[in-house]
Amino acid sequence: MFHGLMSQPAHHRVELRCIPVFLDEDIVHQYYNGYCNNILWPLFHYLGLPQEDRLATTRSFQSQFLAYEKANQMFADVVNQHYEEGDVVWCHDYHLMFLPKCLKKYNSKMKVGWFLHTPFPSSEIHRTLPSRSELLHSVLAADLVGTDSREPLKHYGEHGSLPLGYVWIGGICFHTYDYARHFVSACTRILGLEGTPYGVEYQGKLTRVAAFPIGIDSERFIRALDLAPVQEHMKELQERFKGRKVMLGVDRLDMIKGIPQKILAFEKFLEENAYWRDKVVLLQIAVPTRTDVPEYQKLTSQVHEIVGRINGRFGSLTTVPIHHLDRSLDFHELCALYAVTDVALVTSLRDGMNLVSYEFVACQEKKKGVLILSEFAGAAQSLGAGAILVNPWNVTDVATAIGRALNMLPAEREKRHKHNFLHVKSHTAQEWAGTFVSELNDTVIEAQLRTRQ
Ligand code: ADQ
């Protein structure tokens, strides 16, 4: 968010039409590193707090939450300064759950939507948060309102249809129906509000809560495969790994991505399948993130240790079974890697959606490689029919899936790929953003909830 933005020279920010919000170091520490990434991020991914941090976090919780409110208020101030009548404001993610309420305080007519990129956990998890109610109340201030008109049912494709008498728009949106359901259930159980299959009745209005799954710019990936630098990278990779099947993992180095679990499953596969030991290679590309957080530093050393042990165990003087890179790749390198891969391995312990799985599918029109996908990634709901779904906590399950994927016959690969490719091509990021914003634009502010029959 602000990290990326502030590293841009000022004239780039103008070109990108970005306006920075400057936060001082203490706020960044308490709000971004603390409340957002040490509390909300693990909680929303069902991971709990790091054991040794539990007590310290409990002690500092109040000050971190105050910093969270303060930072959100600073974002609201900047939005408000630049707001013009008719604008719609789309707030993104767990860093800005307090923003809808702050904005509505400034201007109740402002059209505000909120989208969560992570999972929203079961209400049993959410209710352990000391600030559970404040966050829900704030998000509920986002618009998505029922009208009192008796218009015919309006259909929004797979995003669902409305009960008679409602037109809804904008609102609170998640990647999957499960996350939306968890949110509604948190509102009913924690705030005692009335939940409906369509949203939550809040202060005389229906705040719409819906599943609005994201996509990627699939054409950008498909077109890139014909570019000369991508073709060159592909040739190099094919030459380098000739005679071996290529398995690929691309993740931010984060505990939610299940990287150690993935590597241990690969080890189990090699252990039980001596035939494959010199015929398959796992390329794991892990971009370091949040490198100043001790938990992430520990994860990095843990992954290095496991990779070293497995390479020592199954490698030879000339080859190793795992190539692990601690860095990000440029777009051309990434596309080439996706295109030469035989099996992609996505083993997130939880993931809002997981776009790596989409990007892999987009680059596989020729090869028709297999996707092994965690059932705990949001993408399992859209790509589940074409992928092999696994429980990432079960290394035996994942090891079996690796064998199945490597041995899969071309006809089955083609059928599975086709299913997923059609989905990735037709559910794009452009359509996602365009529909959300245009629905938010149509929001009927101040409409009152009509008594339903
Ligand atoms: P992320 O947790 O960042 O996003 P993901 O959806 O997989 O997860 O997106 C990662 C992006 O980073 C992809 O575009 C990928 O290509 C890129 N990337 C990852 N590793 C890389 C590497 N080594 N080199 C280059 N690029 C790399 C959050 C949520 C997800 C949700 C998205 C979008 O956690 O669940 O899908 O937002 O809503």
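The values are calculated or read from the model by the stated rules, or taken from the named source; none is laboratory data. Quick caveat, the model's predicted, so the values are computed rather than measured. Don't worry about glycine lacking a Cβ; one is built from the backbone with ideal geometry, like all the others, and counts go over all protein chains shown.
Helices (runs of 4 or more DSSP H) fully within segment 176-251 that include at least 1 residues being of a type in the set (Asp, Glu) and closer than 30 Å to Lys101 by Cβ: 177-191. Scanning segment 281-319 for residues that are away from the ligand (no atom under 16 Å from the Cβ), without any contact (Cβ under 8 Å) to a residue 24 or more places away in the chain and either within 17 Å of Met247 (Cα to Cα) or polar (S, T, N, Q) (or both) yields Gln297, Ser301, Asn311, Gly315, Thr318. Elements of the type helices (runs of 4 or more DSSP H) sitting completely within segment 36-132 and holding at least 2 residues that are within 23 Å of the chain's Cα centre (by Cα), within 16 Å of the ligand (Cβ to nearest atom) and buried (at least 18 other Cβ atoms within 10 Å of the Cβ): these cover 41-44. Cβ separations smaller than 6 Å between residues 6+ apart or across chains give the following pairs from segment 398-410 residues that are closer than 11 Å to Asn273 by Cα to residues that are surrounded by fewer than 18 Cβ atoms within 10 Å (Cβ to Cβ) and not hydrophobic (A, V, I, L, M, F, W, C): Ala399/Lys268.
Residues in segment 343-369 that are over 23 Å from the mean Cα position of the chain (by Cα) and either crowded, with 21+ Cβ neighbours inside 10 Å or among the basic types (Lys, Arg) (or both): Lys366, Lys367, Lys368.
Looking only at residues in segment 339-365 that are within 11 Å of the ligand (Cβ to nearest atom) and in a strand (DSSP E or B), the one that is nearest to Pro121 (Cα to Cα) is Asp351.
Restricting segment 185-207 to residues that are at pLDDT below 85 and small (Gly, Ala, Ser) leaves a set whose member that is farthest from Thr128 (Cα to Cα) is Gly204.
Against the list (1) on the phi < 0 side of the Ramachandran plot; (2) within 23 Å of the chain's Cα centre (by Cα); (3) not hydroxyl-bearing (Ser, Thr, Tyr), the condition Arg290 fails is (1). Only one entry of His29, His11 meets the criterion of being more than 21 Å from Leu96 (Cα to Cα) and either surrounded by 12 or more Cβ atoms within 10 Å (Cβ to Cβ) or modelled with pLDDT under 75 (or both), and that entry is His11. When segment 278-313 is filtered for residues that are surrounded by fewer than 16 Cβ atoms within 10 Å (Cβ to Cβ) and basic (Lys, Arg), the ones remaining, listed by number, are Lys279, Lys298, Arg309, Arg313. Where residues in segment 179-206 are touching a residue at least 60 places away in the same chain (Cβ under 8 Å) and within 23 Å of the chain's Cα centre (by Cα), which of them is surrounded by the fewest Cβ atoms within 10 Å (Cβ to Cβ)? If we take residues in segment 179-206 being touching a residue at least 60 places away in the same chain (Cβ under 8 Å) and within 23 Å of the chain's Cα centre (by Cα), then Ser185 is surrounded by the fewest Cβ atoms within 10 Å (Cβ to Cβ). His332 satisfies every condition listed in (1) in a helix (DSSP H, G or I); (2) away from the ligand (no atom under 16 Å from the Cβ); (3) not basic (Lys, Arg) except (2). Quick check on segment 259-276. Is at least one of its residues within 10 Å of the ligand (Cβ to nearest atom) and not charged (D, E, K, R)? Taking every residue of segment 259-276 in turn, none turns out to be within 10 Å of the ligand (Cβ to nearest atom) and not charged (D, E, K, R).
Just one residue in the set Thr400, Thr396, Thr435 is in contact with a Gly (Cβ under 9 Å, 6 or more places away or on another chain), over 18 Å from Arg220 (Cβ atoms), among the polar types (S, T, N, Q) and part of a helix (DSSP H, G or I); that residue is Thr435. Ala385 meets the stated requirement of being in contact (Cβ under 8 Å) with a residue 12 or more places away in the chain and assigned to a loop (DSSP other than H, G, I, E, B).
Does Ala265 satisfy being surrounded by 18 or more Cβ atoms within 10 Å (Cβ to Cβ), of a type in the set (Gly, Ala, Ser) and out of contact with any strand residue (DSSP E or B) (no Cβ under 6 Å at 6 or more places or on another chain)? Yes; evaluated as a whole, the condition is true for this residue. Within segment 168-209, if we keep just the residues that are within 16 Å of the ligand (Cβ to nearest atom) and of a type in the set (Val, Ile, Thr), the residue that is nearest to Pro121 (Cα to Cα) turns out to be Thr176.
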